[in-house]
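Asks: Dropping a structure here in C-alpha cells format, bear with me for questions.
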Amino acid sequence: MRTTWLSTTLTAAACGSLVLGVAGPALAEAPAAAPGARTEALQRNEVPAALEEIRTLVSRITREARSGSADTATLRDLQRQLDRPAERLLDDIAARPKAAPMAPDPAAEIKQALDKLIKDVSKLLDDVAKKDTAATDASAADAIKDLNDMLTKIPGLVSGAIPSLPVPSAV
C-alpha cells in the first residue's frame, strides 16, 4: 500500500476526531483540578519522561559512536541535548518532599550518577574524535553501564514514580 501525504493527513484527522468524540464528553464533565494538583502531577510525570529521554539520547550517542562513520558534530549536538533532561530530572527530584526527616536526600545520589554518565559520554566523544576504535568501544560500554546503573538505582530512590524502562544492551 502506498502512503501519501494526503492519506496520512486524512488518517490523522479521522483518528483525532474519533478520539475527541470518545473522550470529549468525559473531559467536559471532569471537575477542575486545584492548581497545586496539576503541578504535582507534572512533577510525577517528569521523572519517567526525563529518564526515557536520557536513555534514548545515550543509546543514540553510543550507536552513532560505534558506527564506522561517526559524525563528531552530531555527537556533540546529542551531548548538548542530554543536558536538558538531566536538568529536568534533577529539578524534579529536588522539588520532591523528603520521605522522612532523617532520610538521605536522593538528589545527591542521582546527581552523582548523572555526572558519571555525562563524564563517560564526554570521554566517548573524545575517543571518537581521536578515531580510537578500541577506546570508543570501551567508552561506549562504560556509558551503557552507567546508564543501566542509573536506571536501576533511581526507582529505588524515588518511590513509586517511575515505570520500568528497557535498558539498552552493551553489545
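Asks: Which ³J(HN,Hα) values in Hz, rounded to whole numbers, follow from the phi angles of the range 59-75 under the Karplus curve 6.51 cos²θ - 1.76 cosθ + 1.60, where θ = phi - 60° and Gly and Pro get x?
Replies: Karplus values, whole Hz, x for Gly and Pro: 4, 5, 5, 5, 5, 5, 5, 7, 5, x, 10, 5, 9, 5, 5, 5, 5.
Asks: Ok, one more. What are the ³J(HN,Hα) values, in whole Hz, obtained from phi via the Karplus relation 6.51 cos²θ - 1.76 cosθ + 1.60 with θ = phi - 60°, for each residue of the range 128-136 in sequence order, with x given for Gly and Pro?
Replies: Computed from phi, the couplings for the range 128-136 are 5, 5, 7, 6, 9, 5, 5, 5, 4 Hz.
Asks: Which entries in 111/131; 111/145; 131/153 show an alpha-carbon gap greater than 28 Å? Walk me through the numbers before you get to the answer.
Replies: Working: 111/131 30 Å; 111/145 16 Å; 131/153 33 Å.
Cα-Cα > 28 Å for 111/131; 131/153; rest within.
Any read-out appearing in this document is the output of simple, stated calculations on the displayed coordinates, not a laboratory observation. These figures come from a predicted structure and were not determined experimentally.
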